[in-house]
1. Please indicate, with yes or no, whether at least one residue in segment 78-90 is assigned to a loop (DSSP other than H, G, I, E, B) and under 29 Å from Leu189 (Cα atoms).
2. Given (1) free of Cβ contacts under 8 Å to residues at least 60 places away in the same chain; (2) crowded, with 18+ Cβ neighbours inside 10 Å; (3) closer than 24 Å to Glu206 by Cβ, where does Phe42 come up short, assuming only one miss?
3. Determine, yes or no, whether Ala98 is modelled with pLDDT under 95 and touching a Gly at 6+ places or on another chain (Cβ under 7 Å).
4. Taking segment 101-131 as the search range and keeping residues that are of a type outside the set (A, V, I, L, M, F, W, C) and within 18 Å of Ala51 (Cβ to Cβ), which one is modelled with the lowest pLDDT?
5. For segment 7-33, name all the residues that are among the aliphatic types (A, V, I, L, M) and out of contact with any Asp or Glu (no Cβ under 7 Å at 6 or more places or on another chain).
6. Mind listing whichever residues of segment 95-132 are of a type in the set (A, V, I, L, M) and not in a helix (DSSP H, G or I)?
7. Scan segment 77-127 for residues that are surrounded by 14 or more Cβ atoms within 10 Å (Cβ to Cβ), of a type in the set (Gly, Ala, Ser) and at negative phi and jot them down.
8. For Pro195, indicate whether it is in the same structural domain as Cys105 (by TED's automatic domain parsing), modelled with pLDDT of 80 or more and either on the phi > 0 side of the Ramachandran plot or not in a helix (DSSP H, G or I) (or both).
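The values are calculated or read from the model by the stated rules, or taken from the named source; none is laboratory data. Computed from a predicted structure; not experimentally measured. FYI the Cβ positions are ideal-geometry reconstructions off the backbone, even for glycines, and counts take in every protein chain you see.
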Amino acid sequence: MGDLELLVRPGTAVAFRVQLAAAGFAPLPRHPGLWTDGELAFDLHEELLNAARIRTRRFAGWMDPGEVWADRHLSHVEGAELRVMGPEDTAPYTAVHALRHSFGCLTWLVHLQLLLWAGLDWGRLKEKARRYNLVRPLVYGLLFLGRAGGWLPDPAEVLLERTPVRPGKARLLGRIYGNRLGGEWGDGLWAYSIPSLCRRCWFLLETCFPQPKVLLQVFPRLPALLFPWPTPCACSSQWGAGAGSCAGS
């Protein structure tokens with residue numbers, strides 16, 4: 001684990017940073033959202049899909065931070081009471097997060113399975129996923145879970161039947177499944193959620209060739225004078241070894 005990602009209520013980020021500074025934390029020079037005290041690091045977010053870094057992600061999907069905060073609920077973890085994301089928000093978020101990283105971590109599938117076991121309001125889940133434009137990532141996550149031997153409830157099976165995956169996307173999904181640790185094809189599959197071909201190409205272009213300020217966050221130890229020269233490397237790592245996946249975190 002590299003850091004703890006925290007969703008900060010909209011409009012309170014400044015006050016939250018003041019509290020972190022009072023507790024001995026400071027932001028990294030190239031990454032103003034990443035605060036550390038030398039041992040523990042917090043990555044602060046005001047929205048879930050990190051569209052501040054890759055702006056065209058809003059074309060592929062968007063989760064309204066105000067609604068996510070309004071729908072949170074109380075939970076108990078190891079004796080502590082805290083508010084967490086509602087399950088109907090957590091499920092599509094988990095699926096799209098896993099997709100963006102080509103399902104390279106088993107944790108996301110386990111989390112999705114636990115959500116299914118706990119029970120979901122499928123009517124609300126599907127309604128939210130449609131408004132957020134995250135139906136396809138949710139379907140891909142369920143397909144991956146089923147292929148890995150997970151349990152899918154009847155509503156999940158119905159959703160899969162009513163949302164068939166076309167042959168081209170199925171081949172790409174199969175490639176991701178067969179090589180989860182060797183590539184970063186998830187964003188390419190997510191791009192199909194964008195109806196407009198022009199916006200889809202714009203999304204892929206910005207994803208493969210992030211802005212220099214984004215690369216400076218992804219590769220913090222490289223001298224700033226080398227930028228924007230490493231930009232083509234981001235493309236090869238995004239679609240190859242996966243080193244560029246941090247740009248999408």
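1. Yes; the residues of segment 78-90 include at least one that is assigned to a loop (DSSP other than H, G, I, E, B) and under 29 Å from Leu189 (Cα atoms).
2. Condition (3) is where Phe42 drops out.
3. So Ala98 passes the test.
4. His101
5. Those that are among the aliphatic types (A, V, I, L, M) and out of contact with any Asp or Glu (no Cβ under 7 Å at 6 or more places or on another chain): Leu7, Val14, Ala15, Val18, Leu20, Ala21, Ala22, Ala23, Ala26, Leu28.
6. Matches in segment 95-132: Leu120 only.
7. Matches in segment 77-127: Gly86, Ala91, Ala95, Ala98, Gly104.
8. In short, yes.
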